[in-house]
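Peer 1: Can you read through this structure? Questions will come right after.
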Amino acid sequence: MALDRRVGFFEGLKYKGGGPMLAWILHRISGLGMIVFISLHVVASFFTQEMGSDWAISINIVYESVIFQLFIVFSVLYHGINGIRIIILDLWPRMLRYQKEMTWLQWLVVIPIYGLTIYIMIQRMITGE
Amino acid sequence: MKVKLKIFRYDPENDKKPHYDKFVVEAEPTDRILDLLEWIKDYQDGTISYRRSCAHGVCGSDAMRINGVNRLACKVLVKDVGTKVTVQPILGLPIEKDLIVDMEPFFDSYKSVMPYFVGGEENPQKEQLQSPEDRERFDDTTKCILCAACTTSCPSFWANGEYVGPAAMVNAHRFIFDSRDQAAAERLKVLNDQYGVYRCHTIFNCTDACPREIQVTQAIGDLKKAIATSRLD
Ligand code: HEM
Ligand code: FES
């Protein structure tokens, strides 16, 4: 019998697709990341409000942690900028031939803004403002 | 030079699970991966199975994953990939034996977009002329050899085999943008569907995989635009 067509998650990830495939993976991770963040926020707020429970506060601790914040700031920024790139490509297919240049441009926007944001975040953490 | 090959093996009659076999082959840098497979089949292990026909990148039989990307074995040279080579079947189609996959689902998608010329008149008495500019419009997508390298490199196709996939869309593009053809609307209707253009996330694996250097993502982009605007210009 033939082996079925299913492609395992890691098998797919191992395909050497290059930059645009990575961009797509990051877009999806960041999209899901934002959903997780917003969901946790809503759930935590609900439980704090309705029951004042301690474990609602422990949810807060998760998404207010430094690592989660670094992740979520990156997610919002990357998803937004990459989303704009995808929208441009979908609306003006002529731009598809400049896809490489657009990806460079995109990182040129994302990296400084992200760098500046974490700089400010860490500075505030240290000075405790 | 010695080339080490790791080749995906699956024998439907004897194996429950696939495994990999290793071979060492003496080769020149200018040998093609297909030459190495032929050598192995002739002198080391006659049971190894793969498709090939023309051996010159025309028939589209021997698309496979070579070091993790879809390529034609007859177009990749040893010097392109180095002395350690892993060969696996293309992804997302049922594996029949070793590197041979069942291409039927792929051709079903191909057929679904009416990949043939639909003229206006029943019995035209003279040729239908076309300007060089109009011919140029779909030149790129005439080059497809239906090897399935693009479709089986696409994560959207891996996730769902109902997706018509890049190859079918390339061939739809070939006729939709032909100024003489009359069935563009019907084809666009097939593609304006949850299994049509909307599953393309501009991942570009297809464009990278195409052995004919067709700008596949560009063709799909043209189709998205045609559907969104109901115009072909
Ligand atoms: C600046 C605002 C945003 C822009 C410009 C944007 C843009 C996009 C675009 C263009 C896509 C389609 C991607 C594709 O076809 O591959 C997408 C997908 C998605 N977005 Fe957003 N988005 C934004 C905000 C958000 C937010 C706030 C969330 C979650 C709370 C989110 C979650 C998602 C998810 C889960 C997907 C599906 C991922 C995928 O298809 O790979 N997005 N977004
Ligand atoms: S054998 Fe014909 S395309 Fe490679």
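The values are calculated or read from the model by the stated rules, or taken from the named source; none is laboratory data. In this text the structure is predicted, and so the values were computed from the model without any measurement. All Cβ positions, glycine included, derive from the backbone under ideal geometry; neighbour counts span all protein chains shown. In case anyone asks, the SASA skips ligands and DNA or RNA and just uses the protein heavy atoms, side chains included. Shrake-Rupley method; radii C 1.70, N 1.55, O 1.52, S 1.80 Å.
Peer 1: Please get the size of the charge dipole for the protein assembly as shown, origin at its Cα centre, with Cβ charges of +1 on Lys and Arg and -1 on Asp and Glu, quoted in debye to the nearest 20.
Peer 2: Dipole of the protein assembly as shown, to the nearest 20 debye: 620 debye.
Peer 1: Which shape class applies to chain B: rounded if a/c is under 1.5, otherwise prolate when a/b exceeds b/c and oblate if not, where a ≥ b ≥ c are the square roots of the Cα gyration tensor eigenvalues?
Peer 2: Prolate, since a/c reaches 1.5 and a/b exceeds b/c.
Peer 1: Hey, another quick one. Leaving out ligands, DNA and RNA, what percent of the accessible area of the protein assembly as shown is carbon and sulfur, probe 1.4 Å?
Peer 2: Summing carbon and sulfur atoms, their accessible area is 59 percent of the total for the protein assembly as shown.
Peer 1: Pull the list of the protein assembly as shown cysteines that no other Cys approaches to under 4.7 Å, Cβ to Cβ.
Peer 2: B:Cys74, B:Cys144, B:Cys147, B:Cys154, B:Cys200, B:Cys210
Peer 1: Could I ask something else about it? In Å² (nearest 100), what accessible area is buried between A and B, both sides summed, heavy protein atoms only, 1.4 Å probe?
Peer 2: 2500
Peer 1: Something else: In the range B:182-227, what residues drop by 30 Å² or more in accessible surface going from the chain by itself to the full protein assembly, probe 1.4 Å?
Peer 2: Buried by the other chains: B:His201, B:Thr202, B:Ile203, B:Phe204, B:Asn205, B:Gln218, B:Lys224, B:Lys225.
Peer 1: Another question, then. Using only alpha carbon pairs under 8 Å that are at least six residues apart, calculate the relative contact order of chain A and give it in whole percent.
Peer 2: 23
Peer 1: Given a 10 angstrom Cα cut-off, can you work out which residue in B:Ser61, B:Ser53, B:Ser153 is the most mobile in a GNM of chain B?
Peer 2: So, out of B:Ser61, B:Ser53, B:Ser153, the one fluctuating most is B:Ser53.
Peer 1: From the square roots a ≥ b ≥ c of the eigenvalues of the alpha-carbon gyration tensor of chain A, which class results: rounded (a/c under 1.5), prolate (a/b over b/c), or oblate?
Peer 2: It is oblate, given that a/c is not under 1.5 and a/b is not larger than b/c.
Peer 1: Taking every DSSP beta bridge with both residues inside the protein assembly as shown, roughly what % is antiparallel (nearest 5)? Don't skip to the end; give the middle numbers.
Peer 2: Numbers: 18 of 22 bridges.
The answer is about 80 percent antiparallel.
Peer 1: Along the charge dipole of the range A:19-127, which of A:Ile59, A:Leu40, A:Leu89 sits closest to the positive end, that is, farthest toward it, with unit charges on the beta carbon of Lys, Arg, Asp and Glu (+1, +1, -1, -1)?
Peer 2: A:Leu89
Peer 1: Of the listed pairs B:Lys75/B:Lys111; B:Lys75/B:Lys143; B:Lys97/B:Lys143; B:Lys17/B:Lys97; B:Lys2/B:Lys22; A:Lys16/B:Lys79, which have alpha-carbon separations greater than 20 Å here?
Peer 2: From B:Lys75/B:Lys111; B:Lys75/B:Lys143; B:Lys97/B:Lys143; B:Lys17/B:Lys97; B:Lys2/B:Lys22; A:Lys16/B:Lys79, over 20 Å: B:Lys75/B:Lys111; B:Lys97/B:Lys143.
Peer 1: A further question follows. Rolling a 1.4 Å sphere over the protein heavy atoms, what is the accessible area per residue of chain B, to the nearest Å²?
Peer 2: Per-residue accessible area for chain B comes out at 48 Å².
Peer 1: Please work out whether the protein assembly as shown counts as rounded, prolate or oblate from its C-alpha gyration tensor, where a ≥ b ≥ c are the square roots of the eigenvalues and a/c under 1.5 means rounded, while otherwise a/b larger than b/c means prolate and anything else oblate?
Peer 2: Taking the square roots of the gyration eigenvalues as a ≥ b ≥ c, the protein assembly as shown is oblate.
Peer 1: Work out, step by step, the length gained on full extension between A:Ile29 and A:Leu116: first 0.36 nm times the residue separation, then minus their alpha carbon distance; give nm to one decimal.
Peer 2: 29.1 nm
Peer 1: Can you tell me the accessible area per residue over the range A:22-84, all protein chains present, probe 1.4 angstrom, in square angstrom? Could you put the intermediate results ahead of the total?
Peer 2: Values: 3740 Å² over 63 residues.
Result: 59 Å² of accessible area for each residue.
Peer 1: Picking from B:Ala148, B:Ala168, B:Ala27, which is most flexible by a Gaussian network model of chain B using Cα springs under 10 Å?
Peer 2: Of the options given, B:Ala27 has the highest mean-square fluctuation.
Peer 1: Once you charge only the Cβ atoms, +1 for Lys and Arg and -1 for Asp and Glu, what is the size of the charge dipole of chain A about its Cα centre, to the nearest 20 debye?
Peer 2: 780
Peer 1: To test your reading of the geometry: what angle, between 0 and 90 degrees and rounded to tens, separates the Cα axis of helix A:66-91 from the longest principal axis of chain A?
Peer 2: With rounding to tens, the tilt is 40 degrees.
Peer 1: For the range B:2-101, calculate the relative contact order in percent as a whole number, restricting contacts to Cα pairs under 8 Å that are 6 or more residues apart.
Peer 2: Values: 183 pairs, mean separation 34.3, N = 100.
Relative CO of the range B:2-101 lands at 34 percent.
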